1. Can you find a residue that is part of a loop (DSSP other than H, G, I, E, B), in contact (Cβ under 8 Å) with a residue 60 or more places away in the chain and under 19 Å from residue 34 (Cβ atoms) anywhere in the stretch 147-167?
2. Does residue 172 meet the test of being surrounded by 13 or more Cβ atoms within 10 Å (Cβ to Cβ) and over 19 Å from the mean Cα position of the chain (by Cα)?
3. Output the residue which, of all residues in the stretch 86-96 that are surrounded by fewer than 16 Cβ atoms within 10 Å (Cβ to Cβ) and in a loop (DSSP other than H, G, I, E, B), is nearest to the chain's Cα centre (by Cα).
4. In this structure, is residue 34 over 28 Å from residue 143 (Cβ atoms), assigned to a strand (DSSP E or B) and at pLDDT 95 or above?
């Protein structure tokens, strides 16, 4: 088989859209990622938490719907948005580094011994950074293909899991993370890619906040 035939292993497009020999773009892979936490817990560094991550759910955004009944039809508009909680599962290591950090974060939110809560959100909220990588390592520095920064995070829940004599699995801690806002960054931290990028409020070519629904 000629190597050139590999350039045709994709969905054929119209002649005015793409070259007939365009190849398929490389997909992002689910297992090439890392997660970092800023201001999480008390102990430093938090890199042990990053190294023990098993899975992380990317942000999930939904808009409430505003229905505007008009004569014989109904117009639908986007209302307030909501960022759904995300989840992060980590392995619980034998040195207790992970469970200690998670416990410290929970204790910052609520002193369970004294039954005293934090005075304000700034006292316990943290930043979560999620990055999709290209597979580089060692001498080949990994390239960040996409990243998400989650702001105003706190632990909504922590599940320390169950023990079982009949399994060969590592002990894990599953964290449910609530957050206030998020920004999607492009390759190596470029701020003009995706959610949070600079896009004008437009009507045609005119930037404005007024116009037809």
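The values are calculated or read from the model by the stated rules, or taken from the named source; none is laboratory data. Since we're looking at a predicted model, the values are computed, not measured. Glycine also receives a Cβ, built like all others from the backbone with ideal geometry; neighbour counts cover every protein chain displayed.
1. No - not one qualifying residue is present in the stretch 147-167.
2. Working: surrounded by 13 or more Cβ atoms within 10 Å (Cβ to Cβ): yes; over 19 Å from the mean Cα position of the chain (by Cα): yes.
Answer is yes for this residue.
3. In this case the residue turns out to be 96.
4. Values: over 28 Å from residue 143 (Cβ atoms): no; assigned to a strand (DSSP E or B): yes; at pLDDT 95 or above: yes.
Spelling it out, it is not the case that residue 34 is over 28 Å from residue 143 (Cβ atoms), assigned to a strand (DSSP E or B) and at pLDDT 95 or above.
Residues checked against (1) surrounded by 11 or more Cβ atoms within 10 Å (Cβ to Cβ); (2) assigned to a strand (DSSP E or B); (3) modelled with pLDDT under 95:
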{"residue": "1", "(1), (2), (3)": "no, no, yes"}
{"residue": "4", "(1), (2), (3)": "no, no, yes"}
{"residue": "11", "(1), (2), (3)": "no, no, yes"}
{"residue": "15", "(1), (2), (3)": "no, no, yes"}
{"residue": "21", "(1), (2), (3)": "yes, no, yes"}
{"residue": "25", "(1), (2), (3)": "no, no, yes"}
{"residue": "41", "(1), (2), (3)": "yes, no, yes"}
{"residue": "65", "(1), (2), (3)": "no, yes, no"}
{"residue": "69", "(1), (2), (3)": "no, yes, no"}
